[in-house]
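The values are calculated or read from the model by the stated rules, or taken from the named source; none is laboratory data. Since the model is a prediction, treat every value here as computed from it, not as a measurement. Here Cβ is always computed from backbone atoms with ideal geometry, including for glycine, and neighbour counts include all displayed protein chains. Please note that ligands, DNA and RNA were not included when accessible areas were found on the heavy atoms of the full protein model with its side chains. Shrake-Rupley method; radii C 1.70, N 1.55, O 1.52, S 1.80 Å.
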Amino acid sequence: MLFLISGYGLGLLAVKFLDPLEKLSLLERFIARLIVGFLGIGFEILFFSLAARNLSIAIYLSFAINIALAFKHYRKDFIGYRESLRTYFASYSFLSWHSLILTFLFLAFSGVFLQVLTFDAQGLPQGTLIGWGDIAYHLDMIRHLALSDPFVLDQPIANGAPLTYPLMINFLSAILLRLGLNLFLAWYIPTIIFSITIFWGLYALGRRLFSSKIWVVALIILIFFGSGLGFIYFFQDLRNAYIATGWSGVRDIIDAPPHQYTHMDMRTGGKPQSADSPLNIVWITPVISFLSHQRSFVLGFSILILLLIGWVVYNEEVASKDKNYFVRWLPLLGLLPLIHAHSLIAAAIIFSVLFARQIFNRSAVKFWLIGLILAILVALPQIMFVFHLKFIGAESGSSFLKLWWGWMTCQHSASWFVCDPNTKGTDTSVLWFWTKNFGVIFWVWLVGVLTFIRLKSPRLVRALIPASLLLFAVPNLMLFQPWEFDNNKVLFYWWLFAVIIILTVLERIPWNSLRTASLALLLLCGSLAGFIDASSRVRQTIDSISGNPVREHFGYYGEWEVAAGAWIVANTKSNDAFLTSDGANNFVPMLTGRPIFLGFPGWLWTQGNSQAILLRQVTARQFFQTGNPSSLCVMGVRWLIWEPSLFNTYPEARNSDPSQLGNIGYTQNTPYGQRDIIRLRCSDSA
């Protein structure tokens, strides 16, 4: 409760500064307070934690400051919202068609993100298949941040290495875990807060852009559930089922779709039935791909929505002299490096274009420049920390930034432009790849852009067109991370702008029947596959709430790991590092918060340098070959987890005698073999 009161109180103060003319609506102010308040408290506690090297002191210091400063504003704010809600319910507005549809959409959205992490009857976490590995890393980070003492920002899966990952969403969960909340609440409270802000923030933005609520509802549907041509394969499955078993087969397909129709690809996973599909459909509907298991994305998207609302209100809808107030909003861009890297890239593209427009129009240029400089000054220390060239002790010898044509169209091992020949599961035509992945949205967007280039367009949309072109072109020309699939996080912002442009085009159709038919066709073809995929996730949430087994969810650890974790917490220091196997679901950081020497290499590879990972592997292998722990001790390793999975990571360990490697402190006979927790014989060991 103190977390909620303190975060909202900080938001009260911040929004009074951002909105001095009180031009934001009641809903917009509420959304802004949630976003700025809870991000603000995260950064505030992080700063205090690093200064005091103690998370608990930082938490309560932050709470005391925020509640004391905002105390006198709570009552006035409460009265305002109480009166607004009373009027809303007294007028029966909640029974209007658009309110009912919005409620349904928000419940569907909630049903998707609430299935990401479920808990079985014993209270053990289970992750959804599509994000199982990523969720494991988040769980490692949350526990490590919560229990690190003294507080340090290092990798839970590479002790001593800087935490080169946008950590803010996990840090908010770590704060709640440190306050004594269970893992379920610590995971979902930040998710719920920022899911509220992106859904209703998008609604508020739509109300500023469109004259009718019909278009706002359409905006939310297409942004959250938008998809490509995967629905065609759904109808093929229905036809095949009908031919095979009649209507009962059709009902089976509807009840449990065999494929994820926005994710049918052999290179990136998905449902087991779709994992060997050569279709190369990889634009997963946003409500699943970005807004559920991509925890950091909801924070980045929240910031971008808030900034776009601020841009519309304080740069596009005010008198010329009031445009200067937007300078107060721009420094929020500087928070993005620790929030979400790809949202930072998208924001850089968007606001570079909008700034160029200000220069062209000679409007408030000086104030925009001041705001952007402040944003850069705020962002630079974070960028230097998250994206520096050193990683786990070694210089990064190469950059992941390079030319790469067509996003996931094909592989480019020989040429950045020409596709590798005869590669299964890829395409040779980039237009066909874009068409089946982005569907009608891609082609109607192109038509809309060409229409508005030739004809006079609304001023707001005219500003978004060049940004949308760059947001599509850049991730189709450049590779930002080792895995090209991750460029979809920048493409999402193209999708946002493309939908806004498309709906603006349709809204201007002068014939009512044609306008209605066009919108209906767009919604059907542009979101059907997304709704089908989302419905499967909602069913999983319902199963979880009902206490039924949840399909396509897998656990991370069992009762044996819980017992071993309890021993580790009771008998080791908070920052003692462990040498373990490199499995994604390593129980040591996940249950105890203790860092490990080298975890799953894939996560480290995407953040740093493979040669640096190799150095740690070599160090561990030398230890097993010689029995000398000195190199490990120097790097902070104090314990070894000896178990069968260790031999898969380090085959050299098979020839070692565990009793000669250190002092055995704890032994388990698990169903999959004996596990020993061994204290290494370091010179500083007790």
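No disulfide-compatible partner, judged by a Cβ distance under 4.7 Å, exists for the following cysteines of the chain: Cys525.
Less than 20 Å from a label point 7 Å out along the Cα-to-Cβ axis of Leu69: which backbone N atoms in the stretch 326-343 qualify, by residue? Inside the label zone: 327-336. Once the Cβ-Cβ distance of Leu477 and Thr626 is raised to the sixth power relative to R0 = 51 Å, the FRET efficiency obtained is 0.55. As a calculated quantity, the FRET efficiency between Leu446 and Ser352 at R0 = 25 Å, using C-beta atoms, amounts to about 0.65.
The packing ranking, built from the mean of other Cβ atoms within 10 Å per residue, places the peptides 102-110, 528-536 in the order 528-536, 102-110, highest first.
Per the Kirkwood formula applied to alpha carbons, the chain shows a radius of gyration over Rh ratio, Rg over Rh, of 0.97. Summarising the label geometry, the points placed 7 Å from Cα in the beta-carbon direction at Ile5 and Phe360 lie 5.1 nm from one another.
For the stretch 34-49, putting each phi into the Karplus relation 6.51 cos²θ - 1.76 cosθ + 1.60 with θ = phi - 60° gives couplings of 5, 5, 5, x, 7, 5, x, 5, x, 5, 4, 5, 4, 4, 5, 5 Hz, in residue order, rounded to whole numbers and with x for Gly and Pro. With the convex hull drawn over the C-alpha atoms of the stretch 459-601, the volume per residue is 203 Å³. Couplings for the stretch 582-591, taken from phi via the Karplus curve 6.51 cos²θ - 1.76 cosθ + 1.60 with θ = phi - 60°, read 9, x, 5, 9, 5, 6, 5, x, 5, 9 Hz in order; Gly and Pro are left as x.
Put a dot 7 Å past the Cα of Gln122, heading toward its Cβ, do the same for Phe417, and the two dots end up 5.8 nm apart. Provide the FRET efficiency to the nearest 0.05 for the Val430-Leu401 pair, computing r from the beta carbons and using R0 = 22 Å. Efficiency computed from Cβ-Cβ geometry: 0.60. Backbone amide hydrogens, once placed in the peptide plane, bring Ala161 within less than 5 Å of Gln155, excluding anything fewer than 5 places away on its chain.
Is the stretch 27-72 rounded, prolate or oblate when judged by the Cα gyration tensor, a ≥ b ≥ c being the square roots of its eigenvalues, rounded requiring a/c under 1.5 and prolate requiring a/b larger than b/c? Note, shape of the stretch 27-72 comes out oblate. Placing dummy labels 7 Å off each Cα toward the beta-carbon, the span from Leu21 to Ile232 is 4.9 nm.
Peptides 430-442, 204-216, 36-48 ranked from most to least packed give 36-48, 430-442, 204-216, packing being the mean of other C-beta atoms within 10 angstrom over each peptide's residues.
How much of the DSSP beta bridge set in the chain is antiparallel, as a percent to the nearest 5? Percent antiparallel among DSSP bridges in the chain is about 85. Ranked by the mean number of other Cβ atoms within 10 Å of their residues, highest first, the peptides 223-235, 344-356, 509-521 come out as 223-235, 344-356, 509-521. Mean separation of Cα pairs under 8 Å and 6 or more residues apart, divided by the residue count, gives the chain a relative contact order of 17 percent.
Anisotropy class assigned to the stretch 426-519 is prolate, per the alpha carbon gyration tensor with a/c at or over the 1.5 cut-off and a/b larger than b/c. Phi angles of the stretch 422-439 translate, via the Karplus equation with coefficients 6.51, -1.76, 1.60 and θ = phi - 60°, into HN-Hα couplings of 6, 9, 5, x, 10, 10, 9, 10, 5, 5, 5, 4, 4, 5, 6, 8, 9, x Hz per residue; Gly and Pro are given as x. Residues whose amide H lies under 5 Å from that of Ala577, counting only those 5 or more places away or on a different chain, are Arg638, Trp639; hydrogens are built 1.01 Å from N in the peptide plane. The stretch between Arg654 and Ile243, if pulled fully straight at 0.36 nm per residue, gains 142.5 nm over its current Cα-Cα span. Length available on full extension from Arg551 to Met384: 0.36 nm per residue minus the Cα-Cα distance, which gives 55.9 nm. Note on Lys366: accessible area is roughly 130 Å² with a 1.4 Å probe, heavy atoms of protein only. For the chain, the fraction of 1.4 Å probe accessible surface lying on carbon and sulfur atoms is 64 percent. Judged by the gyration tensor of its Cα atoms, with axes a ≥ b ≥ c, the stretch 576-686 is rounded; a/c sits under the 1.5 cut. Per-residue ellipticity at 222 nm, computed for the chain from helices alone with -39500 (n - 2.57) per DSSP H run of at least four residues, works out to -19500 deg cm²/dmol. Can you give me the Rg/Rh ratio for the stretch 307-348, using Cα atoms for both radii and the Kirkwood formula for Rh? On the Cα set of the stretch 307-348, Rg over Rh gives 1.07.
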